[in-house]
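Report on the structure given below.
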Amino acid sequence: MRCDHSISLSPLSNDEALTLLQKISGVNSQSGLFEVAQKVAFKCNGLPGLVEKVASSLKNMSIGKWEESLVSLSHSTAQYQIFISFRGNDTREIFTKYLYDALCKEGFQTFKDDQSLQGGAPIEELLEAIEESRFAIVVLSENFADSKWCLKELIKILDCRKRKKLLVLPIFYEVEPTDIRHLKGRYGEAITEHEKELGKDSTTIMEWKQALSDISNLKGEHYKGGTRDQFIEKIIRFANYNRHRLYIQSMYMN
């Protein structure tokens, strides 16, 4: 049977949104979760599909998970669930494109520079895409620090992590976190080259060094070779576990 016309549904009222959320999540007015659940329902802006997805993902979850979801929903300008930061020459063809495809197949709205914008994006558009994302995956490969763009992305990602609770997962792709932290090997060589151009004591260099140290201290996934698909599946499980933090309203407005 074919449907030749669409039906527009009015947004739910706050009370209707709360009722739907309670029905799906099982949270009642006597629950210790009720206050935060009410705030979550109202943040869904009357979008039934969003209420349903959020409520389903939070069923039987702790108050901490509800609060994380509330913070995520509060950033209403988000357009992407996931942003992938990577050094194209290192990993585009052998890892990142497979990660991107797997995330999209799982239903995540994902930004990858050479996929989302024809011919690659100006740095300003990349930084805006980070600002409009819920979750950043940073693929730290051997030559990541060679790229000023990658370092600028990293600064923005860590800034959004601090300001907006952006979820960040570093992927240590055939590199050691300690080499990044202490600027050994290619990371040290890359920073030395940048210092020659910008000056050893420049504010930009100091910020890049601090950002590399900060990202290396975050808990992430370490790829040392082996089965790529199994490693990517670990990342997918992480994303699914945190799906309650990744909802964006634009997915439910049509």
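Could you please let me know if Leu151 is more than 12 Å from Ile215 (Cβ to Cβ), at pLDDT 95 or above and out of contact with any strand residue (DSSP E or B) (no Cβ under 8 Å at 6 or more places or on another chain)? Reasoning before the result, please.
Details: more than 12 Å from Ile215 (Cβ to Cβ): no; at pLDDT 95 or above: yes; out of contact with any strand residue (DSSP E or B) (no Cβ under 8 Å at 6 or more places or on another chain): yes.
It is false that Leu151 is more than 12 Å from Ile215 (Cβ to Cβ), at pLDDT 95 or above and out of contact with any strand residue (DSSP E or B) (no Cβ under 8 Å at 6 or more places or on another chain).
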*Considering each residue of segment 54-80, count those that are within 19 Å of the chain's Cα centre (by Cα), of a type in the set (Gly, Ala, Ser) and open to solvent by 50 Å² or more (accessible area, probe 1.4 Å), and give that number.*
2
*asked:* Looking at Tyr247, Tyr187, can you tell me which residue is in contact with an Asp or Glu (Cβ under 7 Å, 6 or more places away or on another chain) and either open to solvent by less than 60 Å² (accessible area, probe 1.4 Å) or touching a residue at least 40 places away in the same chain (Cβ under 8 Å) (or both)?
replied: Tyr187
*Exactly one of (1) free of Cβ contacts under 8 Å to residues at least 12 places away in the same chain; (2) over 21 Å from the mean Cα position of the chain (by Cα) is unmet by Gln230. Its number?*
(2)
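Yes/no matrix, rows are residues, columns are (1) closer than 26 Å to Glu193 by Cα; (2) in a helix (DSSP H, G or I); (3) open to solvent by 30 Å² or more (accessible area, probe 1.4 Å); (4) of a type outside the set (Gly, Ala, Ser):
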site	(1), (2), (3), (4)
Glu124	yes, yes, yes, yes
Val138	yes, no, no, yes
Ala145	yes, yes, no, no
Trp149	yes, yes, yes, yes
Glu153	yes, yes, no, yes
Lys156	yes, yes, yes, yes
Cys160	no, yes, no, yes
*Name, by its number, the condition in (1) surrounded by 21 or more Cβ atoms within 10 Å (Cβ to Cβ); (2) aliphatic (A, V, I, L, M); (3) over 18 Å from the mean Cα position of the chain (by Cα); (4) at pLDDT 95 or above that does not hold for Val40.*
(4)
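Conditions (1) exposed (fewer than 15 other Cβ atoms within 10 Å of the Cβ); (2) aromatic (Phe, Trp, Tyr); (3) at negative phi; (4) modelled with pLDDT under 95, marked per residue:
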{"site": "Ser8", "(1), (2), (3), (4)": "yes, no, yes, yes"}
{"site": "Leu12", "(1), (2), (3), (4)": "no, no, yes, yes"}
{"site": "Leu20", "(1), (2), (3), (4)": "no, no, yes, no"}
{"site": "Ser25", "(1), (2), (3), (4)": "no, no, yes, no"}
{"site": "Asn45", "(1), (2), (3), (4)": "no, no, no, yes"}
{"site": "Glu52", "(1), (2), (3), (4)": "no, no, yes, yes"}
*Tally the residues that are at pLDDT below 95, open to solvent by 40 Å² or more (accessible area, probe 1.4 Å) and either among the small types (Gly, Ala, Ser) or within 14 Å of Ile82 (Cα to Cα) (or both), restricting the search to segment 221-239.*
1
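Regarding segment 90-97, can at least one residue be identified that is of a type in the set (Phe, Trp, Tyr) and either under 28 Å from Lys152 (Cβ atoms) or surrounded by 21 or more Cβ atoms within 10 Å (Cβ to Cβ) (or both)? Step through it out loud before you land on a result.
Going residue by residue through segment 90-97, those that are of a type in the set (Phe, Trp, Tyr) are 95.
Right, trim to either under 28 Å from Lys152 (Cβ atoms) or surrounded by 21 or more Cβ atoms within 10 Å (Cβ to Cβ) (or both) and you get 95.
Within segment 90-97, one or more residues are of a type in the set (Phe, Trp, Tyr) and either under 28 Å from Lys152 (Cβ atoms) or surrounded by 21 or more Cβ atoms within 10 Å (Cβ to Cβ) (or both).
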*So, in segment 190-220, of the ones that are part of a helix (DSSP H, G or I) and basic (Lys, Arg), which residue ends up surrounded by the most Cβ atoms within 10 Å (Cβ to Cβ)?*
Lys209
*Do you know which of the residues in segment 54-105 that are in a helix (DSSP H, G or I) and touching a Cys at 6+ places or on another chain (Cβ under 8 Å) is modelled with the lowest pLDDT?*
Leu73
*Near pairs, Cβ below 6 angstrom, 6+ apart or cross-chain, from segment 81-110 (under 15 Å from Ile236 (Cβ atoms)) to any residue that is open to solvent by 30 Å² or more (accessible area, probe 1.4 Å)*: Gln81/Gln109; Gln109/Tyr80; Thr110/Cys104
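Take Val175 and decide whether it is free of Cβ contacts under 8 Å to residues at least 40 places away in the same chain, under 21 Å from Tyr100 (Cα atoms), of a type in the set (A, V, I, L, M) and surrounded by 21 or more Cβ atoms within 10 Å (Cβ to Cβ).
On the way: free of Cβ contacts under 8 Å to residues at least 40 places away in the same chain: yes; under 21 Å from Tyr100 (Cα atoms): yes; of a type in the set (A, V, I, L, M): yes; surrounded by 21 or more Cβ atoms within 10 Å (Cβ to Cβ): yes.
Yes: the conditions hold for Val175.
The values are calculated or read from the model by the stated rules, or taken from the named source; none is laboratory data. Given the structure is predicted, the values throughout are model-derived calculations rather than measurements. FYI the Cβ positions are ideal-geometry reconstructions off the backbone, even for glycines, and counts take in every protein chain you see. Surface areas here come from the heavy atoms of the whole protein model, side chains and all, with no ligands, DNA or RNA. Shrake-Rupley method; radii C 1.70, N 1.55, O 1.52, S 1.80 Å.
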